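Take a look at the structure set out below.
The values are calculated or read from the model by the stated rules, or taken from the named source; none is laboratory data. It should be emphasised that the depicted structure is a prediction, and the values quoted were computed from it without experimental measurement. Positions of Cβ are generated from backbone atoms using ideal geometry, with glycine treated the same way; all protein chains shown enter the neighbour counts. Side chains are part of the model used for accessible areas, which takes the heavy atoms of the whole protein and leaves out ligands, DNA and RNA. Shrake-Rupley method; radii C 1.70, N 1.55, O 1.52, S 1.80 Å.
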Amino acid sequence: MKAKSVKKVKVTLSNRKPWGRLDESTKGKIVSEIGSGLLSRRAAARQYGLPHSTIGKWQDKHNLAILLNPQTFNEPIAMSESQEAKLLKKKIDELNKALADAQLKNIALETMIEVAESELKIKIRKKRGTKQS
């Protein structure tokens, strides 16, 4: 009887079986895309067809490896201009939303102080320039 010669094929995202393992370089690429802000964990899970909990475990392992040996992980991911512009636009939108929320909170607190002062006839605001004891 002849033994069958089995060729080992490198497992990639496109040819892997659902239970197949990926190599460390592919895992690192996915984790670095998430770390750089190009993708969220759930978006990466959808894009690569992986469970988001698995990607989270990879991130934990990657973060631990960085903490234990920081000099080997100083290389930033290379982004194209369109990806960088998209990332910057996303950050600007997040900051604008946070600013709008903070302004709304400030207006609400000011209104609350004004209502309390008018109904309770108590000075709530501090006078500027008073000495503290």
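A compact table of results
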{"quantity": "Single condition Leu50 does not satisfy, out of (1) at pLDDT below 85; (2) outside any helix (DSSP H, G or I)", "calculated": "(1)"}
{"quantity": "From Lys27, Lys10, Lys2, Lys17, residue being in contact with a Phe, Trp or Tyr (Cβ under 7 Å, 6 or more places away or on another chain), at pLDDT below 90 and not polar (S, T, N, Q)", "calculated": "Lys27"}
{"quantity": "Lone qualifier among Ile107, Ile113 - being open to solvent by 100 Å² or more (accessible area, probe 1.4 Å), out of contact with any Asp or Glu (no Cβ under 7 Å at 6 or more places or on another chain), modelled with pLDDT of 85 or more and among the β-branched types (Val, Ile, Thr)", "calculated": "Ile107"}
{"quantity": "Residue in the range 70-78 that is touching a helix residue (DSSP H, G or I) at 6+ places or on another chain (Cβ under 6 Å), under 18 Å from Lys29 (Cβ atoms), modelled with pLDDT of 80 or more and part of a helix (DSSP H, G or I) present", "calculated": "no"}
{"quantity": "Residue list for the range 30-73, filter: among the aliphatic types (A, V, I, L, M), within 20 Å of Glu84 (Cα to Cα) and in contact (Cβ under 8 Å) with a residue 12 or more places away in the chain", "calculated": "Ile30, Val31, Ile34, Leu38, Ala44"}
